[in-house]
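Read the structure below first, then the notes.
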Amino acid sequence: MTAVAERPLGVYLHLPFCAQKCAYCHFAIDPARPSSARLDRYLAALEREIGGSKGGVADTLYFGGGTPSLVPAERIGALVGALRSKYELAPSAEVTLEANPRDLDEHGFAGLLEAGVNRLSLGAQSFDDAVLREMFRDHTGSDATAAARAARVAGFSNLSVDLILGWPGETRERFQTSLRRLLELGPDHVSLYVLETDGRTVVAHRAAEGTLRLPDDDLVADLFIEAEDALAAAGLHAYEISNFAKPGFESRHNLKYWDDGPFHAFGMAAHGFDEGVRYWNESTFGSYCAAMEARGSARAGERAPSPEERIEEAVMTGLRVRRGIDRAAFRARHGIDVIDRFGRALEPSIAAGLLHVDDAGVRLTRKGVLMSSEVLSAVL
Ligand code: SF4
């Protein structure tokens, strides 16, 4: 295996508070607006965890959740300051914060910019108020429009908006209305997620009961392709299965996950990866805070994947990215050719037109993107 030059780190901070739990949510959250005592306790634990880290050189920082926009901007600024005392954060670092539409006005967004945030990820999910109510979201479509405009006026020049496709009762007209309203906001980046009906969510529970009127798979596939075309026409190219960006606005932080890059992670249930070791923290608010208070660490476990597991992970994540796997770079990093190793397992997907293979690389075709779970499952 050839050594790979050390790459700058990504840093992830988990802020778990949410006003309420969305029907499709499978994230580690604390489903209540935090009291000031609860917020103080969590942020003290987080700052202690950051203070005890080994630090490093980082070029991305991501506040995810949960709903980080529930945390006041000055507290976000304090966290950025704590990180800067341990990490050399490049002046051009990408600093993202996930926001819910109802939490902040122009003044609040300006405060985030002042705190050092320079990329906003807005969870619109839909612009249809009936759908938003069914999702248990605490905002309307107009709130999302107002938030995006306020963020622009405040000075955010890197705006991402999330949308969900395939909600029960989805129709072409309903989805396209949401997509049109999203595009009217002129986002620099869009995450378009097809609704998942597995896991431990209200949606999954109702799907298992058979009480959800889920749209036909063919309709969802058609709408995804139509959305991809509309996004491309608006200048947002597909660069990952669910992600679209104007040139230069791809999420540098998330690309680290998909490109086998190192990242440090802080907060409850946070997962990190560094020097070949995956590690994870205590998974609930109580266990995370108690562990930090008692022993100054919330590490719940760690594991070094075997070389074979690293290779499988690299194929799984490499195929998520639309440019696919660069065969020469893969050989340099893992010491094998991806097709020599996985050609037989991938043959049905190649024959079905789901994967394109040539001397330079391997990538999902447009049809393959819609069936990525089936293609990727063949690798394991
Ligand atoms: S806002 Fe996000 S993290 Fe919070 S409950 Fe909804 S989906 Fe989950």
What does the charge dipole of region 9-258 about its Cα centre add up to, to the nearest 20 debye, if the Cβ of each Lys and Arg holds +1 and the Cβ of each Asp and Glu holds -1?
860 debye
Go ahead and collect, in residue order, the members of region 357-380 whose backbone nitrogen is under 18 Å from a label point 7 Å along the Cα-Cβ direction of V194.
363-379
Mind checking which lysines have their C-alpha under 26 Å from K246, skipping anything on the same chain fewer than 8 residues away?
K256, K367
Between S373, S306, F342, whose Cα lies farthest towards the positive end of the dipole of the chain when Lys and Arg beta carbons carry +1 and Asp and Glu beta carbons carry -1, centred on the Cα centre?
S306
Amide H of V379 versus every other amide H placed in the peptide plane: which residues, excluding those fewer than 5 positions away on the same chain, fall under 5 Å?
none
Long-range amide H partners of A300, meaning residues 5 or more apart or on another chain whose placed amide H is closer than 5 Å, are W280, N281, E282
When the Kirkwood radius is taken over all Cα pairs of region 286-380, what Stokes-Einstein diffusion coefficient follows at 37 °C and 0.692 mPa s, in µm²/s?
219 µm²/s
With the 8 Å Cα cutoff and a minimum separation of six or more residues, region 139-263 has a relative contact order in percent of 26 percent
Which whole-Hz ³J(HN,Hα) couplings does region 184-196 yield from phi under the Karplus relation 6.51 cos²θ - 1.76 cosθ + 1.60, θ = phi - 60°, glycine and proline marked x?
4, 7, x, x, 8, 8, 10, 10, 10, 9, 7, 4, 9
If you average over every viewing direction, what projected area does the convex hull of the Cα atoms of region 12-89 give, in nm²?
5.3 nm²
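Could you grab the relative contact order for the chain? Cα pairs under 8 Å, six or more apart, rounded to a whole percent.
16 percent
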Exposed loop sites here are GluC sites (Glu not before Pro) in DSSP loop states with at most 15 other C-beta atoms within 10 Å. What is the longest stretch of the chain lacking them?
7-183
Mind jotting down the three principal axis lengths of region 98-228 based on Cα atoms? Whole angstrom, largest first.
48, 29, 21
For region 307-377, the dipole about the Cα centre with charges only on Cβ (Lys and Arg +1, Asp and Glu -1), to the nearest 20 debye, works out at 320 debye
Which lysines, if any, have their Cα less than 18 Å from the Cα of K86, not counting same-chain residues under 8 positions apart?
K54
Just to confirm my numbers, what's the Cα centroid distance between region 39-87 and region 219-279 in Å?
22 Å
Under the 0.36 nm per residue contour assumption, what length would be gained going from the current alpha-carbon distance of E184 and I336 to full extension?
50.1 nm
Simple spin-label estimate for S85/A234, 7 Å along Cα→Cβ, in nm, reads 4.2 nm
What the 10 Å binned alpha carbon P(r) of the chain shows, as percent of pairs per bin from 0, is 5, 22, 32, 28, 13, 1
If you take every DSSP beta bridge fully contained in the chain, what fraction is antiparallel? Give it as a percent rounded to 5.
40 percent
Give the residues of region 126-157 whose amide nitrogen is closer than 18 Å to a point set 7 Å from the Cα of R206 in the direction of its Cβ.
126-141
Here region 253-259 yields Karplus 3J(HN,Hα) values (6.51, -1.76, 1.60; θ = phi - 60°; whole Hz; Gly and Pro given as x) of 5, 5, 4, 5, 4, 7, 10
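Any read-out appearing in this document is the output of simple, stated calculations on the displayed coordinates, not a laboratory observation. Since the structure is predicted, the reported quantities are computational estimates derived from the model, not experimental observations. With ideal geometry, Cβ positions are generated from the backbone for all residues, glycine too; neighbour counts draw on all protein chains shown.
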